[in-house]
Amino acid sequence: MLKLTFAKTLLVAAAVGVSALSASPTTAGAEPTKVDVLVSPSGSGPYLAWATMQNYAGDYTKKIAPQAIETPGFTYNVRFLASSPNLWKNTIIGSGEVVEWAATKGIAPFFPKPLEAVKDFKVLGVMSRTTNLFVTLDSDIKKKEDFAGRRVAVGLLTQNEWGMHQRMMLDRWGMTKKLKSFDALGPGQNIDALLDGRADIGTLVAHSNKDFSFTLEAGPFKKLQSAGRPYTYVHIAPKDIQSYIDDTGVPFSIQSLPANTISNQPNPVTSFGNFTLLSVHKSFPEDLAYEMTKLWLTAGPKLGEYSAIAKIWDQETVATLARTTPERIHPGALRAYKEAGLVK
């Protein structure tokens, strides 16, 4: 449960960051500029990766010092940053393509009204390509139509990959009202409910690099595997994802996983996902955006020794959107990509 002191902690951290900005990161002999990176719950892959970056950043740069901060998730991050102008010049957030789109559109129940400030968000880089998977122990559940009358458990609704995306899809299909129950419990807790018989369908998230040559399974995969019970992933027909994209412009992607891409997957499976991002407001200083992106491109691939999710931080993956939609990239970050020869 989120304690009431959490927001206060973030504001204190932000105040420290603002004071740090009084010294330029390029000033000779100056301490590195501390920048807050709002990520996700403690123990989650993205949080562990940026906590690792925080610990090792000093080996690669003396100009910027990212500080990983635990939050309830990327959906929370987008809402929090959009409503906190005092943080725009010193704060980076873990985010995603779909959650930022939903914020600008006012997609309920996550965003009761459009958040105009999100239109001014800029991307530093891509953290991963995700696949959101419905999973079940019931062999009779094979497609989305089989969800009717069943109990579905997911992660938190403040987590775009674990709860928000799944709820958006269920709402789109008109399935939410047909369920026996829908519970947003948490990443591990939804799998506990599945194993305990309190849910018929749960959810899992896999993170991959750009070309799917490396895929990381989030921690709850292990919990399900260790139970030693047969389970299957629910195949989602591509048309049921594509129609949502065509009708609304939502930046979901159709993820078609070849057999054996993830554990216990002898056959190909199709589901939905998107790119997870590091984002900032457009007023985030150009020199800090440059230094942060340069650090990420330099240190990211090497941090795979210490953090599993960092294994997908190859330069091609991080630069994915810089290549395809450079207008979405912060100018400082784009300079770093050009210097690295990743963008012309």
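FYI, it's all coordinate maths here, none of it is from the lab. A quick note: this is a predicted structure, and the numbers were derived from the prediction, not measured. Positions of Cβ are backbone-derived with ideal geometry, glycine not excepted, and every protein chain shown enters the neighbour counts.
Using Cα centres only, tell me the gap between the range 121-167 and the range 269-298 in whole Å.
Cα centroid to Cα centroid, the span is 23 Å.
Below 11 angstrom from the Cβ of Lys210, what's the summed charge of the other residues (Lys, Arg +1; Asp, Glu -1)?
Around Lys210, the surrounding residues sum to -1.
Separation between the Ala108 and Lys222 pseudo-spin-labels, each 7 Å from Cα along Cα→Cβ, expressed in nm?
Between Ala108 and Lys222, the simple spin-label model gives 4.1 nm.
Given the pairs Lys63/Lys302; Lys119/Lys178; Lys210/Lys344, which span a C-alpha to C-alpha distance of over 25 angstrom in this model?
Details: Lys63/Lys302 19 Å; Lys119/Lys178 34 Å; Lys210/Lys344 19 Å.
Table pairs above 25 Å Cα-Cα are Lys119/Lys178.
In whole angstrom, how far apart do the alpha carbon centroids of the range 210-228 and the range 229-250 sit?
The range 210-228 and the range 229-250 have Cα centres spaced 20 Å from each other.
Would you calculate the separation in nanometres between label points at Ser243 and Ser256, each defined as 7 Å from the Cα along the Cα-to-beta-carbon direction?
1.9
Within the range 126-194, report the trypsin sites (Lys or Arg not before Pro) that DSSP leaves as loop and that have at most 16 other Cβ atoms within 10 Å.
Lys142, Lys143, Lys180
Using Cβ contacts closer than 10 Å as the measure, can you line up Val98, Val250 from fewest to most?
Placing the least packed residue first, the sequence is Val250, Val98.
Using a Förster radius of 41 Å, what is the FRET efficiency between Lys119 and Glu145 based on their Cβ-Cβ separation? Nearest 0.05, please. Before the final figure, lay out the partial values.
Details: r = 37 Å, r/R0 = 0.89.
So the FRET efficiency works out to roughly 0.65.
Can you tell me the orientation of helix 286-299 relative to the chain, as the angle in degrees between its alpha-carbon axis and the longest Cα principal axis, to the nearest 10?
The answer is roughly 60 degrees.
Could you list the residues of the range 192-230 with an amide nitrogen less than 15 Å from a label point located 7 Å from the Cα of Ser263 in the Cα-to-C-beta direction?
192, 195, 203-207, 215-230
Which trypsin sites (Lys or Arg not before Pro) does the range 209-305 hold that lie in a coil by DSSP with at most 16 other beta carbons within 10 Å? Please report the intermediate quantities before stating the final value.
Numbers: sites: Lys210, Lys222, Lys223, Lys239, Lys282, Lys294, Lys302; in loops: Lys210, Lys282.
Here the sparse-neighbourhood loop sites are Lys282.
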